[in-house]
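Values in this text are rule-based calculations from the coordinates and carry no lab data. Bear in mind the structure is a predicted one, so any value in this text is a computation, not a measurement. In this analysis, Cβ positions are derived from the backbone assuming ideal geometry, glycine residues included, and neighbour counts consider all displayed protein chains.
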Amino acid sequence: MALLEVNNLDVRFALRQGEVHALRDISFSLERGERLGIVGESGAGKSVAAFSLLNLISKPGFIAGGTVNFDGQVLNHMSERGLRKVRGNRISMIFQDPMMTLNPVLSIGEQMVECLKAHRRISSKEARAIALDKLQQVQIPSPETRLDQYPHELSGGMRQRIIIAIALLLDPDIIIADEPTTALDVTIQAEIMALLLDLCEQHNVGLILITHDLGVVSQVTQRMLVMYAGRVIEQGPTREIINDPQHPYTQGLINALPQMATPGEKLNQIRGSMPSLSNLPSGCAFHPRCDFINRADGQPRPACTQQVPEFVESGNCRVACHMVAEMLEDRRLKEETS
Amino acid sequence: MSTTSNSSQASASPGRWERVRDSYMWYSFKRDRTAQLCLAVFICMVIAAFASPLIAPTNPYDLAQIDIMSSELPPFWIDGADDRYALGTDAQGRDLWSIVLYGTRVSLLIGFGAVILQALLGVTFGLMAGYLGGRVDTILMRLADIQLSFSTLMVAIVVGALVKATMGSAFYSQYAVMMLILIIGLAEWPQYARTVRASVLAEKNKEYVDAARVMGLRSKRIMFRHVLPNTMSPIFVISTVQIANAIISEAALSFLGLGMPETHPSLGSLIKSGFDYIQSGSWWITLIPGAVLVVLVLSINLLGDWLRDVMNPRLYKG
């Protein structure tokens, strides 16, 4: 059994206007030391997915169904007390904005020592030694000085290194990184990503990387999920998805990368924008923006607007698309007849 | 400027003193004559009040030292003054200078005590209401609303009457300081609770709180160690206002005879005890403690104004 197994996770938000389905039927697994990317536009539910793994969705959100199995425990059925032993200790998390994630009134050392002491019975001195060791691992210049400094005295890149050090503090099994480099300078982004990858490989830590940067996903992860409007629409080995995307949305995302455009021309984009979760289009949520809604004969495919697509297996990937399903079906029929 | 004392662009890792010296607060203090003067006056008064057994020429609590024959003597600049009593004496023949010193001590004690109690209650409840939200928030804040709908005076009258009725008035005067701290503390905690709750609501959506939750810290720990220090500036500012308010409340209660007994007078009960003699010409018994009260409260309030300007808490409401 995999280290982390998410089965049919369903998250809703009880709002005044009614229930909003933020995540539907999310399933994936993560082996020890494996790196998984979660990709999608803003609002696709990536961050909600990350928080729901640790059962940390704040009200009015709640997990309405499904399970998160971690190392033989079902996290979303666990007591708050049991969960605290997992959070930070076995699964830790890195947030987007290093300016906001560190408490402005506590020194770096205090924050690190506190995290260690919350999970282990050790003296402050020992905790400080561990903190120092982790700061050295993230290659921060003059780590001893940093321990007594406050977040405002450090640059964004340094803060993100410190946040990575805090995430590694208790030697977790999994790190969830929610857009860890989005708020950073481009030159530092690469450095931080390389550092994170390096440390994960060294310590055999699993990584769930949430991002909208397909470039980073293709470099760092082994498998990936593509999310759209609270659903996974395509999942499988990263290389296969990047090289041969099946779902029209994934194709659109890859096409929209700046390096895919012809020099001098406008960048490619997916027309329209992500629908609101409280008012999803019928059938496939992507159909109003889809270029492949018409069949070969020029008529729109009725299933696209009427029926929510099921996953079909295509090679090593799973894709939720009527068009892909139809193509595969045609191919199968042809093979049978010949 | 939303900067506080640690906004200095410290180089390597400066010591505590360097942090203070480089801070905006110290910079502003050095340039603000009013703040300097007020702090000086306030510190002098606090020292004089708490050193009153050493400074005061007589002990006004010691009945043996009181001579009823030397009552209502005027202060030194008026004819008929006695050399032994620089500021004159009150109706019972107590040295006014001594008793004002002792009275200031009582007033300050009650002021600080009540504010500490208010802060303990108000900060805890405000933190819980803001951070935990939901039902806890509703219950605590409705409680605060109910508390605020009683005036301090009403609470004092009810509590005072209850205690006097059940324990006897001797018990009440013996523990009058405690009673007043309790009454003023209980009556005014919602001020803190509301201010703290408002800042906690702003703080709790910041990512460092999420990060602390992800680290697996307990709610209690996150509330007190992570959120509370970030809401300190409005708490400081409101504290100065509340100390001044508590001193005034105490004076008002004592003036109405609900506070300190005549034998252990505060500034308020001194003003009251002299009030009966204003008509007979002994105005100093009331006016001198009155002036001390005004100077004390004014200096605290002006310091509070300065502090508010420096810290600029967004949620301050006087």
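Tabulated data for the structure shown
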read-out: Footprinting exposure proxy for A:79, B:70, B:299 (fewest neighbouring C-beta atoms within 10 Å first); value: A:79, B:70, B:299
read-out: Gain upon complete extension [residue B:264, residue B:24; 0.36 nm per residue less C-alpha separation]; value: 82.1 nm
read-out: Most mobile listed residue (A:162, A:270, A:242) in chain A, GNM with C-alpha springs under 10 Å; value: A:270
read-out: Shape of chain B, Cα gyration tensor, a/c cut at 1.5; value: oblate
read-out: Alpha-carbon centroids, segment A:70-117 and segment A:1-51: separation in whole Å; value: 19
read-out: Exposure proxy ranking, count of Cβ atoms within 10 Å, fewest first, for A:70, B:255; value: B:255, A:70
read-out: Segment residue B:298-residue B:77, extension gain: residue separation times 0.36 nm, minus the distance between their alpha carbons; value: 77.0 nm
read-out: Part-to-part distance (alpha-carbon centres) for segment A:206-240 and segment B:182-196, which is given in Å; value: 52
read-out: Once the Cα gyration tensor of segment A:243-337 is diagonalised, semi-axes √(5λ) in Å; value: 24, 19, 13
read-out: Ranked list, fewest to most other Cβ atoms within 10 Å of each Cβ, for A:332, B:213; value: A:332, B:213
read-out: Hydrodynamic radius by Kirkwood, which averages 1/r over all alpha carbon pairs of the protein assembly as shown, in angstrom; value: 29.9
read-out: Amide proton proximity set for residue B:89, modelled H, under 5 Å, gap of 5+; value: B:72, B:73, B:96
read-out: Shielding by partners - mean other protein chain Cβ count within 10 Å, residues of A:109-118; value: 3
read-out: Residues of type aspartates and glutamates that residue A:134 reaches as a straight line, Cα spacing below 12 Å, ignoring anything fewer than 8 places off in the same chain; value: A:144, A:171
read-out: Computed lengthening from residue B:55 to residue B:151, 0.36 nm per intervening residue step minus Cα-Cα distance; value: 30.8 nm
read-out: Inter-centroid distance (Cα atoms) of segment B:98-156 relative to segment B:281-308, Å; value: 23
read-out: Inter-label distance for residue A:16 and residue A:262, nm, one decimal - labels placed 7 Å from Cα along Cα-to-Cβ; value: 5.2
read-out: Vicinal HN-Hα couplings computed from phi for segment A:277-288 (Karplus, 6.51 cos²θ - 1.76 cosθ + 1.60; Hz; Gly/Pro x); value: 5, 7, 9, 6, x, 5, x, 6, 5, 8, 4, x
read-out: Label-point separation in nm, residue B:221 to residue A:244, each point 7 Å along Cα→Cβ; value: 5.0
read-out: Spacing of the two label points (7 Å from each Cα toward its C-beta) at residue A:191 and residue A:120, in nm; value: 2.8
read-out: Between 0 and 90°, nearest 10: helix A:108-119 axis offset from chain A longest Cα axis; value: 80
read-out: Among B:279, B:118, B:242: highest mean-square fluctuation, GNM of chain B, C-alpha pairs under 10 Å; value: B:279
read-out: Modelled label reach - residue B:175, point 7 Å along Cα→Cβ, segment B:140-163 residues with backbone N closer than 13 Å; value: B:160, B:162-163
read-out: GNM top mover of B:245, B:205, B:59 - chain B, alpha-carbon springs below 10 Å; value: B:205
read-out: Rounded to whole Hz, the Karplus (6.51, -1.76, 1.60) HN-Hα couplings of segment B:280-288, x for glycine and proline; value: 7, x, 8, 5, 5, 4, 8, 6, 5
read-out: Residues residue A:328 and residue A:80, FRET efficiency given R0 of 45 Å [Cβ-Cβ distance, rounded to 0.05]; value: 0.50
read-out: Cβ-placed point charges (K, R +1; D, E -1), dipole of the protein assembly as shown about Cα centre in debye, nearest 20; value: 560
read-out: Phi-based couplings in Hz for segment A:256-270 (Karplus 6.51, -1.76, 1.60; Gly and Pro marked x); value: 7, 4, x, 6, 7, 7, 6, x, x, 8, 5, 5, 6, 8, 8
read-out: Between 0 and 90°, nearest 10: helix A:156-168 axis offset from chain A longest Cα axis; value: 90
